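Enquirer: My structure is below; once you've seen it, I'll send some questions.
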Amino acid sequence: MQQSAQTRTGRFAPTPSGPLHFGSLVAAVASYCQSKSVNGNWLVRIEDIDTPRVIKGSADNILHTLENFGFEWDGEVLYQSQRFKIYEEFLQTLISQGFIYACNCSRKSLLGSPIQTGPLGKIYPGNCRTKQLDLHTLKLRLNTETVGSIEFHDNHFDTFQLNLTDEVGDIILKRQDGVYAYHLAVVIDDALSHITDIVRGADLLGSTCIHLHLNRLFKFSTANYLHIPLIKNKTGDKLSKQTGAKGLSIQKASEQLLDALNFLGQKTPTELSTYEPSYILKYAKDHWDSKKIPS
Ligand code: GLU
C-alpha cells in the first residue's frame, strides 16, 4: 500500500448482518472510484462491532462478493471486533476529561419524562447527567449539553448542519451489554487508518455531525465527505437488509456494476456489459466524476 503525506485513502465499511445488496454496491463503487481515481488507497473494514447483530459467515460472504465484483482492496481487512481495547482506551480519555456519564435510564423509566424526537431518533432528556452513577456497569453517554450546532461541507449535499444539543441529545457511546457504539468506533478507525475521503449513504449525514464533534474531542483531523443519495425501494423506504433488499448475484456482476454506475450518474458505453467486472471498475475509476451524481 503506497502512503505519503498526499495519499488519499477511502474505505468501504460494511456491517456483516447479511449479504451485500444493491445499495451497498453503490456505496462500494462510489468510495472505490473516489479514491482510486486519484491513485489513492481503498480499504475494507468489517463493522462487526455489534456482535449480537452479526450473522455468522456474513463477513466472508461480503469479501467473496467484493472479489467477484472485481474489487481489490489495499492492506489487510480490519475487523472492529478485534479492536475493543483501542475503543476502550479512547473512551477512557473522554471519561477522564469529564465528557462521559453513566446512565441507568430504561425505556420504561423514561415514560414519565417529556421526550422529543429529532432527525436521529428520540432525544434523551439528560436525567442522569449529574447523578455520578457507576461508570463500570451502566451504559455510557456523551454529554452534548454545550455542543450546539455542527456544520460541515459535503461534496454532494453542500452544507449540512445539525444541533447536537437540541436535535440529538446525549448519545450512547457504550451500551450496558458492553457493546461500543458505531459512532465511537467509526471515528477512531477512520482516524487511525488515515482515511481522507469518507463516502457513504445519505442516511449517515446526521451521524457525520456526531463524528465531527468526536473528532474534535480526540483532536483528529477532518476527512472529506461525500454522501450519496439513498436508493429507495418501491414503497419509498431506504433499500436495506431490514426492508428486504435482495443480495447481489455474482453471475450478474458486470450488469449490476453498470446499474450502480448508472445510479451514480456515470456514463458507460453499452459494450462494457460484456467485459469482466475488474475491467468495468477500471473504466469507472478512470472516468469518475462525483459532480455527475444526480440529486
Ligand atoms: N457500517 C455501515 C453500514 O454498513 C457504514 C458506516 C460508514 O460507512 O461509516 O451501513
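Enquirer: Could you check, for region 206-216, whether at least one of its residues is within 16 Å of the ligand (Cβ to nearest atom), open to solvent by less than 20 Å² (accessible area, probe 1.4 Å) and of a type in the set (A, V, I, L, M)?
Expert: yes
Enquirer: Okay, next question. Scan region 3-16 for residues that are buried (at least 18 other Cβ atoms within 10 Å of the Cβ) and not charged (D, E, K, R) and jot them down.
Expert: The answer is 9, 10, 12, 13, 14, 15, 16.
Enquirer: Here's something else I'd like to know. Under 7 Å between Cβ atoms, which residue pairs at least 6 apart in sequence (or on different chains) link something in region 63-75 that is closer than 21 Å to residue 1 by Cα and touching a residue at least 60 places away in the same chain (Cβ under 8 Å) with a partner that is surrounded by fewer than 18 Cβ atoms within 10 Å (Cβ to Cβ) and of a type in the set (Asp, Glu)?
Expert: From residues that are closer than 21 Å to residue 1 by Cα and touching a residue at least 60 places away in the same chain (Cβ under 8 Å), the pairs are 70/276.
Enquirer: Go through (1) open to solvent by 40 Å² or more (accessible area, probe 1.4 Å); (2) touching a strand residue (DSSP E or B) at 6+ places or on another chain (Cβ under 6 Å); (3) farther than 18 Å from residue 204 by Cβ and name the single condition residue 138 misses.
Expert: So the condition that residue 138 fails would be (1).
Enquirer: Please note which strands (runs of 3 or more DSSP E) are completely contained in region 1-114 and include at least 2 residues that are in contact with a Gly (Cβ under 9 Å, 6 or more places away or on another chain) and of a type outside the set (Phe, Trp, Tyr).
Expert: In region 1-114, 9-12, 41-46 are the strands (runs of 3 or more DSSP E) which contain 2 or more residues that are in contact with a Gly (Cβ under 9 Å, 6 or more places away or on another chain) and of a type outside the set (Phe, Trp, Tyr).
Enquirer: Looking at (1) of a type in the set (Gly, Ala, Ser); (2) without any contact (Cβ under 8 Å) to a residue 12 or more places away in the chain; (3) open to solvent by less than 30 Å² (accessible area, probe 1.4 Å), which is the only condition residue 249 fails?
Expert: Going through (1) of a type in the set (Gly, Ala, Ser); (2) without any contact (Cβ under 8 Å) to a residue 12 or more places away in the chain; (3) open to solvent by less than 30 Å² (accessible area, probe 1.4 Å) one by one, residue 249 breaks only (3).
Enquirer: Report those strands (runs of 3 or more DSSP E) wholly inside region 150-267 carrying at least 1 residues which are within 28 Å of residue 74 (Cα to Cα).
Expert: The qualifying strands (runs of 3 or more DSSP E) are 197-201, 224-228.
Enquirer: Let me ask something else about it. Could you tell me which of the residues 70, 23, 40 is more than 14 Å from the ligand (Cβ to nearest atom), small (Gly, Ala, Ser) and open to solvent by 10 Å² or more (accessible area, probe 1.4 Å)?
Expert: Step by step, each of 70, 23, 40 is checked, and only 70 is more than 14 Å from the ligand (Cβ to nearest atom), small (Gly, Ala, Ser) and open to solvent by 10 Å² or more (accessible area, probe 1.4 Å).
The values are calculated or read from the model by the stated rules, or taken from the named source; none is laboratory data. Since the model is a prediction, treat every value here as computed from it, not as a measurement. Cβ: placed from backbone, ideal geometry, glycine included. Neighbour counts: every protein chain shown. The accessibility values were calculated without ligands, DNA or RNA, using every heavy atom of the protein model including side chains. Shrake-Rupley method; radii C 1.70, N 1.55, O 1.52, S 1.80 Å.
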